[in-house]
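Written below as structure tokens is the structure these notes are about.
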Number of protein chains: 2
Amino acid sequence: MNSEKIPDIIIGRLPIYLRALQRLADRGIHNTSSQELGEMIGISAAQIRKDISQFGEFGKQGTGYSIPFLIERLQGILKVDRVWDVIVVGMGDIGHAIAGYNGFVNRGFKVTMLFDNSPDKIGQKVNELEIYSMDSMVERVRQEKVKIAMLTVPASAAQEVANQLVKAGVKAILNYAPLHLSVPKDVRVQHIDPATHLQRMTYYL
Amino acid sequence: MNSEKIPDIIIGRLPIYLRALQRLADRGIHNTSSQELGEMIGISAAQIRKDISQFGEFGKQGTGYSIPFLIERLQGILKVDRVWDVIVVGMGDIGHAIAGYNGFVNRGFKVTMLFDNSPDKIGQKVNELEIYSMDSMVERVRQEKVKIAMLTVPASAAQEVANQLVKAGVKAILNYAPLHLSVPKDVRVQHIDPATHLQRMTYYL
């Protein structure tokens, strides 16, 4: 099928399914149902069945899903059946925390380069990775063909750094700076901004 | 109007509008249009007008929006026209980074208490806040009537700590642990999981 036709909202749920399935697998469980999965992640069983059926047949009626098989397929669809190099740009507190975060293991990502523009930080090591000067970023990213960056610079610098990342060939940016980034259409951006997430909840308090 | 009827997807966009308006205000700009706002945040002008009109009249046809007025109204709707106390539970690297994060200023939140269960960390200070023992969490949260928590404990502990937060009266949890939390219906959870965000983008690479 033409994968371009899968709505973005469904693609957005697949990592959630994959994460839950990997938790079940870690507990040594081999089979699950849309019902069980739905209860784990707060999504209806019908929705899960519908989403997953977009990608083919994943289990016989009544027998549920084979967890290893479904994990493998979802990893293939999301292209995390490989390990992507990811760079971190901006080595403040958040950048440090992400560079040392062990939650990427087995999820398809490895932090391979760190960048900052502060002379105090350049040359230092975090988790055995040296912090490089931002002046060398475009060249290094191009050379290593890195496609994914996590951006943890201050808001005032974020758009300019994003422009450089795009110039270097980066196609996916996880943006921790609290502003919207303007990028070309073939570049994806996801935003992590805790204040925005909190403001989504205060409405209901 | 009955605010309960506003779809969650619209509520989710309001913090994005508010953030962009505050950036314009910081630059000394007093008026904007749905067109300009839309270009800043990558949402269509028509969508913005439609979302904002749910809450009443915010500008005359052709004259655009008064930024200070729209900020005030959005802050009121999202209930961030006040400052909410927020606690951080789990003082690893991410917890430290969040406790020291200056991005909450003027957005309606203040980190007021920190918790961990490690004897090495309890009693230490981060940003002039003492790290308290998790044993005292339920009592302290109840006493201060805190409604919002950021959860940065390991995945293996997150559900148990979330249960305690709910018991203590917390109604909104920003969950940094890479798993779905099960909570009662009157408690809101937002998830920040960088690997999940990255996996949403690799599909398109």
Checklist entry - Remind me, relative contact order of the range B:67-172 in percent, using alpha carbon pairs under 8 angstrom and six or more residues apart? => result 28
Item to check | Inter-copy separations for B:Gly56, label at 7 Å along Cα-Cβ, nm, ascending | outcome: 5.6
Item to check | Positive minus negative residues near A:Gly92 (Lys, Arg vs Asp, Glu; Cβ under 14 Å) | outcome: -3
Item to check | Globularity index of chain B, i.e. its alpha-carbon radius of gyration over 2.2 N^0.38 Å | outcome: 1.16
Checklist entry - For the rotation bringing B onto A, which B residue has its Cβ nearest the axis, and at how many Å? => result B:Ala97, 2
Next on the checklist: Taking the solvent-accessible surface of protein heavy atoms with a 1.4 Å probe, what is the per residue accessible area of chain B in Å²?
Outcome noted: 48
Checklist outcome for this item: In Å³ per residue, the alpha-carbon convex hull of the protein assembly as shown encloses 162
Checklist outcome for this item: Too long for a 22 Å Cα-Cα cut-off, among A:Lys121/B:Lys125; A:Lys121/B:Lys110; A:Lys5/A:Lys185; B:Lys125/B:Lys167, are A:Lys121/B:Lys125; A:Lys121/B:Lys110; B:Lys125/B:Lys167
Checklist entry - Hey, which aspartates and glutamates would be in cross-link range of B:Lys145, C-alpha to C-alpha under 14 Å, not counting anything within fewer than 8 residues on its own chain? => result B:Asp85
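The values are calculated or read from the model by the stated rules, or taken from the named source; none is laboratory data. This one's a predicted model, so the numbers in the text were calculated from it and none came from an experiment. Don't worry about glycine lacking a Cβ; one is built from the backbone with ideal geometry, like all the others, and counts go over all protein chains shown. Side chains are part of the model used for accessible areas, which takes the heavy atoms of the whole protein and leaves out ligands, DNA and RNA. Shrake-Rupley method; radii C 1.70, N 1.55, O 1.52, S 1.80 Å.
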